[in-house]
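Take a look at the structure below.
The values are calculated or read from the model by the stated rules, or taken from the named source; none is laboratory data. Since the structure is predicted, the reported quantities are computational estimates derived from the model, not experimental observations. Please note: Cβ atoms are built from the backbone with ideal geometry, for glycine as well, and neighbour counts cover all protein chains shown. Surface areas here come from the heavy atoms of the whole protein model, side chains and all, with no ligands, DNA or RNA. Shrake-Rupley method; radii C 1.70, N 1.55, O 1.52, S 1.80 Å.
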Amino acid sequence: MNVKNILVIRRDNIGDLVCTTPLFESIKTLYPEANVYAYVNTVNAPVLKGNPHVEELFIYKKAKHRDEGESVLSIYWQRFKTILKLRSLNIDTVILANPLPCKHSLKIAKKLGAKNIIGAEIEGDKAITHPFKPEDIDGNHHVENVCSYLKAFNKPIPTLPDIRIYPVDDDVKAMASKAGDLAAEEVVGIHISVRRPKNRWSVENYSKLMHMIAENKQAKFLLFWAPARAEDINDKGDDARAEQVLELTKDLDVVAMPTATVEELIAGFSLCDSVVCGEGGQMHLAAALKKKVLVFFGDTIVERWRPWCQNYQLIKASDDNSDSITADKAYEHYLKL
């Protein structure tokens, strides 16, 4: 396969794109002279900021994420211009990085006229030149699933690298200024926001765990959460839950660190020694920063979505509801990190 300009399309969530970073690095290992591009959305794009294995990011906005006063027409116009720019790059290979069939990603690939399209087989559509059936997808973990597409290049597949993200220096400095003195024995990141309700741990449990940690070591806690977005009246965020945690832990060294952007969260996590959170994109970000991770799993599949890192402790709720996990059990696992 003659490969010079490769486009990887990854249109979904933050954690999915974090789990795709080994694919970018592996492609550059196989084709060090090739240009590797990424087509991503405004939500997950910060994951690839500063990534040395990606030549350029092409970012599109989903209509549901448009800003106040921004029209759907303007969003589609920007997408059209992005496709024109991509066509000018003479993309020869497109990887539809979702291990499941994705007609939307294929539609984009078709517009670019690439000779090679690699992705999950879509029944009745022959445009994918290297189709992968379910039995062709390797491994149990999402990282392994995504990197299965490397087999299309007919080269020895390198050992899969770690997931990696690269904090921006200015963002780190800004978050460090908010955090204050970080000379504690252990800086513990506590992230209370999750997308899936069954992966959510109660504020009372977070408070109990924080007190247990503080009783046994000099700890500083950075409390992270997703605040309500002012432009979306339907978005409540986790401001109320954060206020509860802060009230319950006012006798501890706790700094409120609301993160309105993924960049802020990445920078904030970079300041921590360990991170406690529910399963979700935040868990993958912490793992990609090589932090010690204690994570609560509700109804998420452990084999597919566990942290892709060495130093983690995972507690799976027996009833698929994270809130049934006790603070005592969480502390036992925290001590194992």
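Quick look at the numbers
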quantity	calculated
Candidates LYS64, LYS220, LYS28: whichever shows maximal mean-square fluctuation once the chain is modelled as a Gaussian network with Cα springs under 10 Å	LYS64
Within region 57-79: backbone nitrogen closer than 19 Å to the LYS111 label point (7 Å, Cα to C-beta)	57-67, 71-79
Residues whose placed amide H lies under 5 Å from that of PHE132, excluding near-sequence neighbours	GLY119, ALA120, GLU121
Cα long-axis angle, helix 239-248 against the chain (0 to 90 degrees, to the nearest 10)	30
Equivalent ellipsoid semi-axes, region 21-83, via Cα gyration tensor eigenvalues times 5, rooted, Å	28, 12, 7
In degrees, nearest ten, helix 103-112 long axis to first principal axis of the chain (Cα)	50
Set of lysines with alpha-carbon distance to LYS292 below 26 Å, sequence-local pairs under 8 removed	LYS49, LYS173, LYS178, LYS198, LYS208, LYS217, LYS220, LYS250, LYS316, LYS329, LYS336
Residues ILE301 and LEU84, FRET efficiency given R0 of 45 Å [Cβ-Cβ distance, rounded to 0.05]	0.70
Computed over the chain, the ratio Rg/Rh where both radii use C-alpha atoms and Rh is Kirkwood	0.99
Sum of side-chain charges, PRO52 neighbourhood, beta-carbon under 13 Å (Lys, Arg +1; Asp, Glu -1)	0
Proximal lysines to LYS126, defined as alpha-carbon separation beneath 18 angstrom and excluding residues fewer than eight positions away on the same chain	LYS103, LYS107, LYS110, LYS111, LYS115
Nearby aspartates and glutamates by direct alpha-carbon distance to LYS64 (threshold 14 angstrom, same-chain neighbours under 8 apart not counted)	ASP12, GLU231, ASP232, ASP235
Computed over the chain: relative contact order in percent, which uses C-alpha pairs under 8 Å that are six or more apart	17
Helix 21-30 vs. the chain, principal-axis angle (Cα, 0 to 90°, nearest 10)	40
Solvent-accessible area per residue, Å², over region 23-115 with all protein chains present [probe radius 1.4 Å]	52
Paramagnetic label zone (point 7 Å from Cα along Cα-to-C-beta, ASP319; backbone N under 18 Å) in region 286-306	296-300
Relative packing of 83-91, 321-329, 123-131, which averages over residues the other C-beta atoms within 10 Å, highest first	321-329, 83-91, 123-131
GNM top mover of HIS284, HIS191, HIS141 - the chain, alpha-carbon springs below 10 Å	HIS141
Whole-angstrom gap from region 318-332 to region 1-79, using each part's C-alpha centre	36
5 angstrom amide H check on VAL94, placed H, neighbours 5+ away	LEU7, ASN116, ILE117, ILE118
Spin-label zone in region 60-78 - amide nitrogen under 19 Å from a point set 7 Å from the Cα of ASP239 along the C-beta vector	68
Cα-projected label distance for GLU204 with ALA256, points at 7 Å along beta-carbon direction, nm	2.3
Relative contact order [Cα under 8 Å, 6+ residues apart], region 36-150, whole percent	16
Relative contact order of region 105-210, defined on C-alpha pairs under 8 angstrom at six or more residues apart (%)	12
Among LEU314, VAL143, VAL54 - extreme Cα towards positive end, dipole of the chain, charges at beta-carbon	VAL54
Residue-averaged 222 nm ellipticity for the chain, from DSSP H runs of 4+ at -39500 (n - 2.57), nearest 500	-9500 deg cm²/dmol
